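Asker: Sending over a structure as structure tokens; questions will come in a sec.
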Amino acid sequence: MKTAVITGASAGLGQEFVRQIQSVFPEIQEYWLMARRADRLASLAETLPGVTVKVLPLDLTGPDYISELSLALERDKPEVSLLVGCAGCGYLGNFDESPLEEQLRMLDLNIRALTAVTRLVLPYMPKGGRIIHISSIASFVPNPRMTIYSATKSFVSAFSRGLHEELKPRGISVTAVCPGPMDTEFIQLGRIKGNSKTFDVLPYCDPVQVVHGALTAAKKGKAVYTPKAFYKFYRVLSALIPHAILIHAAKT
Ligand SMILES: NC(=O)c1ccc[n+]([C@@H]2O[C@H](COP(=O)([O-])OP(=O)(O)OC[C@H]3O[C@@H](n4cnc5c(N)ncnc54)[C@H](OP(=O)(O)O)[C@@H]3O)[C@@H](O)[C@H]2O)c1
């Protein structure tokens with residue numbers, strides 16, 4: 001049975017991926033949902049008739065998720081056609097004033113867990129498999145006041161691009177998705193709303209459209225997907241203009 005594995009499935013973009021996968025990948029009949037809030041995952045599972053759902057309530061910054069996911073994979077040996085690495089967090093604030101715990105959480109979740117889950121799942125992914133990693137426009141140019149977050153997303157984009165090339169001989173693609181701001185829990189948890197002039201003026205992306213575009217891009221085997229013309233233009237600018245200049249506009 002073809003399986004999709006989705007991290008960060010309990011809210012925001014991840015939840016939207018779960019809702020839309022069937023419309024773009026109707027052949028996938030089993031979903032593995034990962035996040036900490038088991039109740040949310042169970043409620044979401046009830047809205048998915050006709051597919052088998054496995055709920056994995058794991059803390060992807062904790063000590064046990066690697067062994068628990070490894071065990072589940074070894075036991076069930078799923079044929080993973082699609083992996084969506086969506087779990088992520090980002091906190092606004094100057095580096096020397098922000099809690100170290102939050103800074104390390106961004107590294108653990110956005111970098112370590114994304115890497116570990118991808119590495120663990122890959123042996124179960126056959127030819128034609130698709131990986132989606134959620135990066136951000138923050139990966140294009142360093143964002144002062146979200147310095148750690150933007151550095152983690154630079155990792156996600158660079159990791160995804162390199163892996164996309166590495167996995168070509170296996171017929172597997174990796175798509176780095178680079179959205180702008182979206183009105184999800186992320187914005188509240190990161191204390192962003194009302195505290196950043198940049199976020200106040202930037203156009204917001206619609207998670208429904210982001211997910212549709214991301215799934216379509218992944219199906220086509222694209223390496224990068226940036227939603228919205230405004231941010232596509234920003235991506236081109238970031239490749240042409242020295243970051244020493246752009247970094248002033250990129251300050252959050
Ligand atoms: N919203 C934006 O403005 C924006 C813009 C660009 C990129 N992004 C990226 O988009 C992705 C999705 O973000 P979102 O906007 O959908 O945020 P969200 O609504 O806050 O969702 C984050 C998801 O990650 C899960 N998660 C958080 N900590 C976790 C942990 N320790 N272990 C396991 N799962 C954990 C959460 O579930 P639990 O709390 O249940 O664990 C939730 O399902 C992230 O990678 C984010 O960096 C967001």
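The values are calculated or read from the model by the stated rules, or taken from the named source; none is laboratory data. Please read all numbers here as calculations on a predicted model, not as lab measurements. Please note: Cβ atoms are built from the backbone with ideal geometry, for glycine as well, and neighbour counts cover all protein chains shown.
Asker: For region 118-140, give me each residue that is β-branched (V, I, T) and surrounded by fewer than 23 Cβ atoms within 10 Å (Cβ to Cβ).
Answerer: T118, V121
Asker: Here's another thing I want to ask about it. Condition (residue is buried (at least 19 other Cβ atoms within 10 Å of the Cβ), at pLDDT below 95 and in contact with a Ser or Thr (Cβ under 9 Å, 6 or more places away or on another chain)) applied to region 194-217: is it met by at least one residue?
Answerer: Yes, some residue in region 194-217 is buried (at least 19 other Cβ atoms within 10 Å of the Cβ), at pLDDT below 95 and in contact with a Ser or Thr (Cβ under 9 Å, 6 or more places away or on another chain).
Asker: Confirm whether T198 is of a type in the set (V, I, T) and under 18 Å from F17 (Cβ atoms).
Answerer: For T198, the condition - of a type in the set (V, I, T) and under 18 Å from F17 (Cβ atoms) - is not met.
Asker: Run down K251, K228 and say which single residue is more than 28 Å from A4 (Cα to Cα) and either buried (at least 17 other Cβ atoms within 10 Å of the Cβ) or modelled with pLDDT under 95 (or both).
Answerer: K251
One line per residue, one yes/no per condition, for (1) among the polar types (S, T, N, Q); (2) more than 30 Å from R75 (Cβ to Cβ); (3) modelled with pLDDT under 95:
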{"position": "V121", "(1), (2), (3)": "no, no, no"}
{"position": "I131", "(1), (2), (3)": "no, no, no"}
{"position": "S139", "(1), (2), (3)": "yes, yes, no"}
{"position": "N143", "(1), (2), (3)": "yes, yes, no"}
{"position": "S150", "(1), (2), (3)": "yes, yes, no"}
{"position": "E166", "(1), (2), (3)": "no, no, no"}
{"position": "G171", "(1), (2), (3)": "no, no, no"}
{"position": "A176", "(1), (2), (3)": "no, yes, no"}
{"position": "D183", "(1), (2), (3)": "no, yes, no"}
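Asker: So which residues in region 70-88 are among the aliphatic types (A, V, I, L, M) and surrounded by fewer than 22 Cβ atoms within 10 Å (Cβ to Cβ), if there are any at all? Explain how you work it out, then say what you get.
Answerer: The initial filter retains those residues of region 70-88 that are among the aliphatic types (A, V, I, L, M), namely 71-73, 80, 82-84, 87.
Matches in region 70-88: L71, A72, L73.
Asker: Among the residues of region 220-233, count how many are in a helix (DSSP H, G or I) and touching a helix residue (DSSP H, G or I) at 6+ places or on another chain (Cβ under 6 Å). Give the derivation first.
Answerer: Initial filter on region 220-233 (in a helix (DSSP H, G or I)): 229-233.
Imposing the further condition that a residue be touching a helix residue (DSSP H, G or I) at 6+ places or on another chain (Cβ under 6 Å) reduces the set to 231.
Total satisfying the criteria: 1.
Asker: For region 168-202: of the residues being free of Cβ contacts under 8 Å to residues at least 40 places away in the same chain and either touching a helix residue (DSSP H, G or I) at 6+ places or on another chain (Cβ under 9 Å) or at positive phi (or both), which is nearest to the ligand (Cβ to nearest atom)? Spell out how you get there, then give the answer.
Answerer: The first filter runs over region 168-202 and keeps only residues free of Cβ contacts under 8 Å to residues at least 40 places away in the same chain, leaving 168-169, 181, 183, 187-188, 193-194, 197, 200-202.
Then drop every residue that is not either touching a helix residue (DSSP H, G or I) at 6+ places or on another chain (Cβ under 9 Å) or at positive phi (or both), which leaves 181, 183, 187, 193-194, 202.
Values: P181: 4, D183: 7, I187: 6, K193: 10, G194: 14, L202: 9 Å.
Applying the filter and picking the extreme gives P181.
Asker: Looking at region 1-50 only, could you name the residues that are within 14 Å of the ligand (Cβ to nearest atom), among the acidic types (D, E) and farther than 17 Å from H212 by Cα?
Answerer: D39
Asker: Can you give me the number of residues within region 112-157 that are more than 11 Å from the ligand (Cβ to nearest atom), over 24 Å from N94 (Cα atoms) and not charged (D, E, K, R)?
Answerer: Here the count works out to 13.
Asker: Pick from region 90-112 the residues that are in contact with a Phe, Trp or Tyr (Cβ under 7 Å, 6 or more places away or on another chain) and of a type in the set (A, V, I, L, M, F, W, C): which of them is nearest to F155 (Cα to Cα)?
Answerer: Among them, the one singled out is I111.
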